[in-house]
Amino acid sequence: MLEQTPDHRRLGLDDTEVVEMYRLMLMARRVDDRMWALQRQGRAAFVLGASGHEAIQVASVFALDRDKDWLLPYYRDMGVALAWGFDPREIFLGVFAKKEDPMSGGRQLPSHWSDPDRRVFTQSSVIGTQFPHAAGIAHGLKFGETDAVTVVYGGEGATSEGDWHEAMNWAGIHDLPLIFVIENNQYAISVPTSEGVAGQISDRAQGYGFPGHLIDGNDPFEVLETMQTAVRRARSGEGPTLIEAETYRYYAHTSDDNDTLYRTQEEVETWRKRDPLAKLRQYLIEQRLLTEKQETDLDEEVVATLAKAVEAAETSPDPDEPTSHVYARLIEVGEASTTPEPVPAGERVNLITAINRSLHEVMEAHDDTVVFGEDVARRKGGVFKATQDLTERFGSKRCFNTPIAESSIIGCAIGMAATGYKVIPEIQFADYIHPAFDQIVSEAARISYRSDGRWNCPIVIRTPYGAGIHGAQYHSQSIEAFYAHVPGLKVVIPSTPADVKGLLHTAVEDPDPVLFIEPKKLYRLAKGPFPDGEHRVPLGKAALRHLGDDLTIVAYGAMAHFAMEAVPILEELGVSPEVIDLRSLKPLDWPTIERSVKKTSRALVLHEDNEFVGYGAEIAAQIADKTFEWLDAPVKRYGLPDVPLMPYAGSLEHALYPTPESIVERALELAKY
Ligand SMILES: Cc1ncc(C[n+]2csc(CCOP(=O)(O)OP(=O)(O)O)c2C)c(N)n1
């Protein structure tokens, strides 16, 4: 009879390596047991469990190169983290939410893995948002011409999220070196797979043009073999793979969950008979690689390691800086502006030409910049031609079209930025940015804070906004208030060609996510000099457009332009307005507003968004709060009534949209108060 090669040797593991695989699986199981015990003793607030998932988690990592590959494990991936090199002390620092917790400095729930040094990208608790990040990382790695592979993990519940499908699509289009590992543990909290997932997850890969495998996730050798095939495929440039690994979790979903409400003890027992740890142990014993003595020693070593780790972590200091690292670069807003800026020398162009020229300039200046979005490539260059000829000049790697999938446009930008690129994604109209709200607000804006400053997110999201162009309900919206509300984001709205240039350069050089909102009403209306040579406008610096004594008009975007048109009319009527164009909504140049309002004693805050909870409400509140004693009249806002913006009919739009004349009316009322 032929002697069969043992499974582990057939897969390239030597005897020591397969025992190490077992040790890591055992460690994962014991860390879990310890975490849950600590939680029950009231020493840890909240824990998640990996028990049952050890084979898919640990064995999958054995196919990877810890020196170059990238990982995006999800919150259940204790085994992945241990196999990748996180040590138990680091893990327990997270469990106890300590200052030295390398994942988040105590800012995230435990088991939210992150480490730039080990190429583990920061994770949130949002189901599915990691998949576009992984596609962006794999895309960045592909550009970098390494053969590094990215592996992203998630539960089967996550495959119902749009982000998962968008990432699968992106990976398929670009043949990315990306492996999707789906740990199908039969439940998404209490929802059985049959109620949350149509068809077989692994079959879905075919629809996106790459292979999918359904495997026994409790068999470490089947896991390893499938991963090795996927890794070979990815490294050789053939593209992505989806692996659906069937498994089961033995603990409840989290320490807050009562699993007896949705599954039976018999079911749990059935799956315990397929315990991956017991399976590998049995194999090692049969292979004479684990004697009784070795097993006892291993157990004792694991227990001792954990005891030391728990003690070290529990006694380590608590975090004490709740406001640090909100931004990778906190902008110091300078002194108040007292005079209008000198008009720069340069050819007179309109706003859209300025945007196109500025993009050419920044891409020339920074060879790590990448532009992508819907229709942005080649001669078409976007529906407004903002990106025209970027592909011709910089190549299709640096300016390319994306699917119509806004969440992945931003999610992939976040991932690509993690690999060192400065990404400038375009959202075709601000009205269509809403699908990406999660990626902007829950991801991009929080990356610095949630990783305790260890990751940042240098992306500049360009998008045209605003009404006055007969765009109707879905080509007219103002979105700034939603985003200016969000800590971690910087928000700018330039209204002149010079500011477009100055702010775009500054935004691209900034390490934080910047939302660069363009007033499309001004694309062809606003003309001005496009500055020759170097020109920078700092974030957090308003432009004082006109000096006056009777009232301060605070505006931005098209309304700043209209306010300036109102100036000569008001002056003719004997009212002298001062006009501030904010340019930067977040950070806000409060000193310039304060100085002006203290001089004029009257303030009119103007925007084309709805008045209710609009951006102007914040400005008005700050003026009322901080300059009350200087005011001779209530702070006034001029925004739009509570109407979805904007109706299509010219008569309706005209009735709602502010004009220089209607601004004059409001200003006169305020001046007379
Ligand atoms: C977008 C989003 N919706 C809902 C939740 C709440 N939630 C947390 S875990 C979870 C179930 C996830 O199930 P699955 O992806 O199968 O992973 P598992 O926890 O089973 O490993 C839900 C619904 C969330 N975190 N994010």
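Here, each number is a calculation from the coordinates, and none is a lab measurement. These numbers come from a predicted model, not from an experiment. Please note: Cβ atoms are built from the backbone with ideal geometry, for glycine as well, and neighbour counts cover all protein chains shown.
Sort 404-416, 45-57, 611-623, 534-546 by the packing proxy (mean of other Cβ within 10 Å over each peptide's residues), most packed first.
The packing order, highest mean first, is 404-416, 45-57, 534-546, 611-623.
Placing unit charges on C-beta atoms (Lys and Arg positive, Asp and Glu negative, everything else neutral), compute the dipole magnitude of the stretch 7-313 about its Cα centre in debye, rounded to 20.
So the magnitude is around 480 debye.
For the peptides 121-132, 356-367, what is the packing order when you average, over each peptide's residues, the other Cβ atoms within 10 Å and list the highest mean first?
Answer by packing, highest mean first, reads 121-132, 356-367.
For every other residue with a beta carbon closer than 12 angstrom to the beta carbon of Ala365, add +1 if it is Lys or Arg and -1 if Asp or Glu, then tell me the sum.
Local net charge: -3.
Set Lys and Arg Cβ to +1 and Asp and Glu Cβ to -1, take the dipole of the stretch 501-657 about its Cα centre, and tell me which of Ser596, Gly533, Ala620 lies farthest positive.
Working it through, the farthest residue towards the positive pole turns out to be Gly533.
How high is the FRET efficiency between Thr296 and Thr16 when r is their beta carbon distance and R₀ equals 25 Å, given to the nearest 0.05?
Efficiency, rounded to the nearest 0.05: 0.85.
Counting other beta carbons within 10 Å of each residue's own, what order do Thr600, Thr323 fall into, fewest first?
Ordered by Cβ neighbours within 10 Å, fewest first: Thr323, Thr600.
Place a +1 charge on the Cβ of each Lys and Arg in the chain and a -1 charge on the Cβ of each Asp and Glu, then give the dipole magnitude about the Cα centre in debye, rounded to the nearest 20.
Result for the chain is approximately 1120 debye, rounded to the nearest 20.
Among the DSSP beta bridges whose two residues both lie in the stretch 348-531, what percent are antiparallel, rounded to the nearest 5?
Around 15 percent antiparallel, to the nearest 5.
Take the alpha carbon gyration tensor of the chain, find the square roots of its eigenvalues, order them as a ≥ b ≥ c, and report rounded if a/c is under 1.5; if not, report prolate when a/b exceeds b/c, else oblate.
Note, shape of the chain comes out prolate.
Counting only DSSP beta bridges with both residues in the chain, tell me the antiparallel percent, nearest 5.
In the chain, DSSP labels about 20 percent of beta bridges as antiparallel.
I need the peptides 481-492, 7-18 ranked by packing, meaning the mean over residues of other C-beta atoms within 10 angstrom, with the highest value on top.
481-492, 7-18
In the stretch 1-130, if the dipole is taken from +1 on Lys/Arg beta carbons and -1 on Asp/Glu beta carbons about the Cα centre, which of Gly42, Leu82, Ala59 is farthest to the positive end?
Of the listed residues, the answer is Gly42.
Would you compute, from DSSP H runs of 4+ residues alone, the mean residue ellipticity of the chain at 222 nm, taking -39500 (n - 2.57) per run and dividing by the full residue count, rounded to the nearest 500?
-11500 deg cm²/dmol
Taking the Cβ of Ala560 as the centre, find all other residues whose Cβ is under 9 Å away and add up their charges (Lys, Arg: +1; Asp, Glu: -1).
Neighbour charge sum, excluding Ala560 itself: +1.
Modelling each spin label as a point 7 Å along the Cα-to-Cβ direction, I'd like the Lys380/Gln265 distance in nm, to one decimal.
Placing both labels 7 Å beyond Cα along the Cβ direction yields 6.2 nm.
About its Cα centre, what dipole magnitude does the stretch 93-228 give when the only charges are +1 on Lys and Arg Cβ and -1 on Asp and Glu Cβ, stated in debye to the nearest 20?
In debye, rounded to 20, the stretch 93-228 gives about 500.
So, R0 is 45 Å and r is the distance between the beta-carbons of Leu289 and Asp368; what FRET efficiency does that work out to, to 0.05?
With R0 = 45 Å, the Cβ-Cβ based efficiency is 0.40.
Which order do Thr146, Thr291, Thr369, Thr496 fall in if you start with the one that has the fewest other Cβ atoms within 10 Å?
Placing the least packed residue first, the sequence is Thr291, Thr146, Thr369, Thr496.
As I understand it, the dipole of the chain uses +1 on the Cβ of Lys and Arg and -1 on the Cβ of Asp and Glu, about the Cα centre. Which of Leu72, Thr226, Ala430 lies farthest toward its positive end?
Ala430
For the residues Tyr262, Tyr556, Tyr187, what sequence is obtained by ranking on other C-beta atoms within 10 Å, fewest first?
Tyr262, Tyr187, Tyr556
Can you give the extra length, in nm with one decimal, that the chain gains between Phe437 and Glu311 once fully stretched, where that is 0.36 nm per residue apart less the Cα-Cα distance?
So the chain would gain 41.3 nm between Phe437 and Glu311.
Mean Kyte-Doolittle of at least -1.0 plus a Cα span of 30 Å or more along the axis: flag which DSSP H helices in the chain meet both, please.
Those that pass (Cα extent of 30 Å or more, hydropathy at least -1.0) are 15-40, 292-314.
Indicate the gyration tensor shape class of the stretch 14-92 (rounded, prolate or oblate), computed on the Cα atoms with a ≥ b ≥ c the square roots of the eigenvalues: a/c under 1.5 is rounded; otherwise a/b larger than b/c is prolate and the rest oblate.
prolate
At 0.36 nm per residue, and after removing the present C-alpha to C-alpha distance, how many nm does the segment from Asp625 to Ser190 gain when stretched out fully?
The span from Asp625 to Ser190 would gain 151.7 nm if fully extended.
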